[in-house]
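In what follows, a single structure is set out as structure tokens and then discussed.
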Amino acid sequence: MQAIVLVGGEGTRLRPLTETVPKPALTLVDRPFLAHMIEWLGGHGVTEVVLACGFLPDVLSEALAGEEERAGVAIRYVVEPDRRGTAGAIRFAADELGDRLEDRFLALNGDVLTDLDLTALLGAHREHGAQATLGLHPVEDSSAYGLVRCGDGGEVLEFLEKTGERVPGEINAGMYVLERSVLDLIPPGEEVSIERDVFPRLVGDGLHGLRLDGYWMDIGTPKRYLQASWDILERRVETRVEPTAPGMLVASGAEVARGATVGPRVVLGSGCRVADGAAVRDSVLLDDCTLGEGARVSGSILSAGVEVPAGATLDGAVVGQGERVPA
Ligand code: GDD
Ligand code: MG
């Protein structure tokens, strides 16, 4: 089974973390975000992942070096020459693959941490003889997502992208089983949105949805990125991560002084150093960060190599690579 994964977005809501690293390459706990996703796909029979890239593709391929062997999944990169939108990107990747694209394939948003049952989604698609089947996830506030209403048999009655209305409902989880025939609805070489231009046109014409229960989180904001980290470390989502203590991951190369306080809920990447009297909680420190004596960090995300001077305090901060933290 092949999966086209959309990773062309700029990750604007995670800036400055995503200024130098594209969202899918950003470390989530102990590996690039996309590695979690590729491992999940591999667990559901995906043998080839096609990454539809637009932004900083080289950083992404570097971050994923070795992942093919680890996950047992082939990874191929296609790079759009200009912005194509979610459907345009699928069409572009499909055209690049040509005859190598199978008649039925998966397409996914590349910014969701999940353990939903893709095998069940494929089963429902087959059973209904659908053209497209959408994985759905229930939420309390659907305003920022695609809201999907289905009939009793799973046929989609309505697809409404980002209504802005804070109503509960089943949303588009950003995972689709597609037949090749769907590609005919996407004009080549143009910017086309699958949510606004394609799914609404497929309503009543073989568009199905299946509610999947399990863990699902779009990691696209600092708040959700942190929550996803704690969910991994507190095992609310199935991943391959091995926490070093409940809710914690302190990489083997990290140095913590005796008089420092680390936790609860902390990720310390390798090469991090926490000096005497410093305290860090509810925070992610990527590789090679340093906390000086008496520094206090909470609810924050620090890019690789950030230095927090002695006595400084950070609360709810998101610090990009190379940014200076005032004393
Ligand atoms: N290759 C490529 N090219 N990828 C793109 C492009 C593009 O032009 N535009 C967006 N993407 C990728 C993003 O990188 C992301 O992985 C995915 O497509 C979805 O884009 P977002 O910008 O993150 O969309 P969203 O989160 O606001 O909404 C989408 O996801 C929701 C679930 O998280 C929609 O699909 C909603 O319907 C859905 O509910
Ligand atoms: Mg998103």
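Tabulated data for the structure shown
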{"quantity": "Any hit, the stretch 176-190, residues being at positive phi and in the same structural domain as Ala120 (by TED's automatic domain parsing)", "calculated": "yes"}
{"quantity": "Number of the exception - Phe92 against (1) surrounded by fewer than 22 Cβ atoms within 10 Å (Cβ to Cβ); (2) under 24 Å from Phe199 (Cα atoms)", "calculated": "(1)"}
{"quantity": "Leu116 being within 16 Å of ligand 2 (Cβ to nearest atom), assigned to a loop (DSSP other than H, G, I, E, B) and surrounded by 21 or more Cβ atoms within 10 Å (Cβ to Cβ)", "calculated": "yes"}
{"quantity": "Test: Arg281 is surrounded by fewer than 19 Cβ atoms within 10 Å (Cβ to Cβ) and within 16 Å of ligand 1 (Cβ to nearest atom)", "calculated": "no"}
{"quantity": "Single condition Gly153 does not satisfy, out of (1) more than 9 Å from ligand 1 (Cβ to nearest atom); (2) at pLDDT 95 or above", "calculated": "(2)"}
{"quantity": "Long-range neighbours under 9 Å by Cβ, at least six apart or interchain, first residue touching a residue at least 60 places away in the same chain (Cβ under 8 Å) and within 10 Å of Gly8 (Cα to Cα) within the stretch 82-94, second of a type in the set (S, T, N, Q) and surrounded by fewer than 24 Cβ atoms within 10 Å (Cβ to Cβ)", "calculated": "Gly85/Ser193; Thr86/Asn109; Thr86/Ser193"}
{"quantity": "Close pairs (7 angstrom Cβ cut-off, 6 or more residues apart or separate chains): of a type in the set (Gly, Ala, Ser) in the stretch 143-161, within 16 Å of ligand 2 (Cβ to nearest atom) and not in a loop (DSSP other than H, G, I, E, B) anywhere", "calculated": "Gly146/Glu161; Gly146/Ile171; Gly146/Asn172; Gly146/Glu195"}
{"quantity": "Top-ranked residue in the stretch 1-36 [being of a type in the set (Val, Ile, Thr) and assigned to a loop (DSSP other than H, G, I, E, B); ranked as nearest to ligand 2 (Cβ to nearest atom)]", "calculated": "Val21"}
{"quantity": "Selection status of Glu195, touching a residue at least 40 places away in the same chain (Cβ under 8 Å), in contact with a Gly (Cβ under 6 Å, 6 or more places away or on another chain), assigned to a helix (DSSP H, G or I) and closer than 30 Å to Leu118 by Cβ", "calculated": "yes"}
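The values are calculated or read from the model by the stated rules, or taken from the named source; none is laboratory data. Everything numeric in this text was worked out from a predicted model, so none of it was measured. Cβ coordinates were reconstructed from backbone atoms using ideal geometry, including for glycine residues, and neighbour counts include every protein chain displayed.
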